[in-house]
Amino acid sequence: MILGKFPPRDTADIFAGLPPSAKLVSMRVVIDTNCLESEELDLFLSSSKNHAAVIPGHTIAEIFRPRDNEAIFASLKIICTFSRQVIVLKENRLANRVDPKAPAISNHFIDKDTTRQFPKFCEVIEAAQQGDPAYLRQIERRRQWAIERVETAQAAVGDQSEALEELRANFADHELRELRAGRKLKDETRFKILALVTQLADKMFADQSNGTHIHSPPYRYNQFVWRYALAHIVQMMQLLRKGAVRRAPEKARNDHFDNVFATFGTYFNGVMSNDMGTLMTQDILRVILKSLGARLAPDYVTTRYIEQLIEQQAKE
């Protein structure tokens, strides 16, 4: 872990001996694009009507980007089968405005209108799949929107060479050597990293809110922009550890999307993903946030819900 040993999470299986359905009867898990067609997602949603697939705006963009309509329909098949178990989230810029002092803060990230209309949206997708020309034209418009959105994101992040160089300049040579050797970082280095997170978050927030600054601790650690900045710095530190000086623009864009998944995952029950980088970032975020006193919902991966569900079904 790049920041050394923070106070450990409670990873004990406190539900040992209970059937999976009795463990977490209601989980809301952020779904990475690479899991939309997975048996894991199908099993998760079918195992309890109280479980929900949490879908960020970036996922919607990724769904509609392919040129082939069949690829779009395939990505939507499972979540449309369980359309009333889907939660659609607000865009990042709106997530940044959520009051970090708000109770049940995760609910404030939900786009309630879009979530309410999702079953109707799935009916439209079904009609398009049957060849309805009007709805097929709607899909084409959404495709163009998705392509433009992804291209805009890629242009914004670039190849990260400048950002990596600026980040590297904050650390002494011995700190970089410790980082690349995988050694536990000294407290001074870890506090420096957290200070960089706060500096980045404050700049990002000020740019979007007419110069307003982020909250003071402890509410700062609930603020979306601060958690996203933490995910970004954690991911960039991993690149520094590997000696990277730049990132292919397409991969840098994907890193940004992965960081969004990881950030939202900290407000819900984690992330369902096949990307080890996303899962690692999510794990590190949870450790750091808990060490700072943030309260987090149980992590889907840590609970081993799917594994224990499969084991229980095998016994039955």
In nm, the gap between the two label points placed 7 Å beyond Cα toward Cβ at Asp99 and Arg241 is 3.8
Cα-based shape type of the stretch 157-316, given that a ≥ b ≥ c are square roots of the gyration tensor eigenvalues and the cut on a/c is 1.5 = prolate
How many nm separate the modelled label positions at Lys120 and Phe73, each set 7 Å beyond the Cα in the direction of the Cβ?
-> 2.4
Accessible area per residue, 1.4 Å probe, Å², for the chain: what's the number?
-> 50
Of the listed pairs Lys184/Lys290; Lys90/Lys120; Lys101/Lys192, those with alpha carbons more than 21 Å apart are Lys101/Lys192
In terms of the alpha carbon gyration tensor, root eigenvalues a ≥ b ≥ c, rounded if a/c is under 1.5 and otherwise prolate when a/b exceeds b/c or oblate, the stretch 253-316 is oblate
With a Förster distance of 30 angstrom and the Cβ-Cβ distance between His213 and Lys186, calculated FRET efficiency to the nearest 0.05 equals 0.55
Report, to the nearest whole %, how much of the accessible area of the stretch 165-252 belongs to carbon and sulfur atoms, 1.4 Å probe, protein only.
-> 49
Peptide ranges 269-276, 188-195 listed from the most packed, as the mean C-beta count within 10 angstrom indicates = 269-276, 188-195
Cα centroid separation, the stretch 152-167 to the stretch 243-316 (Å) | 23
Value of [θ]222 nm, deg cm²/dmol, for the chain, DSSP H segments ≥ 4, -39500 (n - 2.57) each, nearest 500 | -18500 deg cm²/dmol
Membrane-span-like helices (DSSP H runs, Cα span along own axis at least 20 Å, mean Kyte-Doolittle at least -1.0) in the chain -> 112-129, 133-157, 187-208, 224-241, 249-265, 276-291
Here the cysteines of the chain lacking a cysteine partner under 4.7 Å (Cβ to Cβ) are Cys35
If each part is reduced to its alpha-carbon centroid, the stretch 186-236 and the stretch 70-92 end up apart, in Å, by 31
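The values are calculated or read from the model by the stated rules, or taken from the named source; none is laboratory data. Bear in mind the structure is a predicted one, so any value in this text is a computation, not a measurement. Here Cβ is always computed from backbone atoms with ideal geometry, including for glycine, and neighbour counts include all displayed protein chains. Protein only, heavy atoms only, side chains kept; ligands, DNA and RNA dropped before computing areas. Shrake-Rupley method; radii C 1.70, N 1.55, O 1.52, S 1.80 Å.
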